[in-house]
Amino acid sequence: MNKLITKSMFLLAAVFVTVFASSCTDQLSTISPVENSTEMFASMYDVESMATSIIDDNDQGMFAKGGRGKGPGRGHGKDDRDRDDRKGDSLKPKRAHLRAVIDCLKLTEDQMKQVQALHQAKHDCEKSAREQFRAIAGPIRQEEKVLHKSLHEQLKAGTLTRAEANAQLEAFKAKNAAVMQSAIETMKAAVKACNDTLLAGIEALLTPEQLLLWNQWKATGTNPCDSPSNGDVIGG
């Protein structure tokens, strides 16, 4: 009789251990994805990436160390293309880099100094546009970070479901969508104005002969010096 009782107790203990272990395994499988997740929710508002994508700097490095004619080569600029092309849009034609066209024009020393001043003014203008964008978008990005942290903690504690967390994120996005879109459009317009001012300033410095080549680049997107018939229009 005692042996039967002992055997029954042993069997009950074994069942309890199995059920307990299974329960622990289920809890860990539910919690571990949350604990191991380094970034549960992707950012909707990466302010710096947004600003960088808007400032499409076609003349970046135009006055880099090395002097005129170096880097892209005298007027060819084969590796210096618009960023639209580098983004993978194969349908858009490649456009000659601004520096290559500047080399082609063979500016005088005085013209070159003025272009450098215009170039610096453009970057100062873009910096101002970026700062204005950050002033609007930055606080929204910070609020988003706080929300992400709160949702992560609630999910980890089991007081919130993933569906509820996603609903909160969608509500946050909807609340800020109009403000962010307005900030983006404002920055795009400001950056375009910066670039338009640079191009108009350069045009104002050019001689009639230089202006012919400049307008050819604007109309076709190709470097005038790549054409044998135009290669020696200015100077020799």
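Each reported figure results from applying straightforward, stated rules to the coordinates on display, with no laboratory input. Source: prediction; values computed, not measured. Heads up, the Cβs are rebuilt from the backbone with ideal geometry, glycines too, and the neighbour counts pull from every protein chain shown.
Below, the figures for the structure above:
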quantity: Theoretical gain in end-to-end length, GLN116 to SER53 [0.36 nm per residue, Cα-Cα removed]; calculated: 20.3 nm
quantity: Contour excess over end-to-end distance, with Cα ends at LYS127 and GLN154 and 0.36 nm allotted per residue; calculated: 5.8 nm
quantity: Karplus-derived HN-Hα couplings along region 162-176 (A = 6.51, B = -1.76, C = 1.60, θ = phi - 60°), whole Hz, x at Gly and Pro; calculated: 5, 4, 5, 5, 5, 5, 5, 5, 5, 5, 5, 4, 4, 5, 9
quantity: Label-to-label distance, nm, for residues given as ASP196 and VAL179 (7 Å Cα→Cβ offset); calculated: 2.9 nm
quantity: Calculated FRET value between LEU211 and ASP46, using beta carbons and R₀ = 30 Å, to 0.05; calculated: 0.15
quantity: Cα-Cα over 19 Å, subset of LYS122/LYS188; LYS149/LYS173; LYS113/LYS188; LYS192/LYS218; LYS127/LYS149; LYS145/LYS175; calculated: LYS113/LYS188; LYS127/LYS149
quantity: Along each principal axis, Cα extent of region 98-142, largest first, Å; calculated: 48, 18, 8
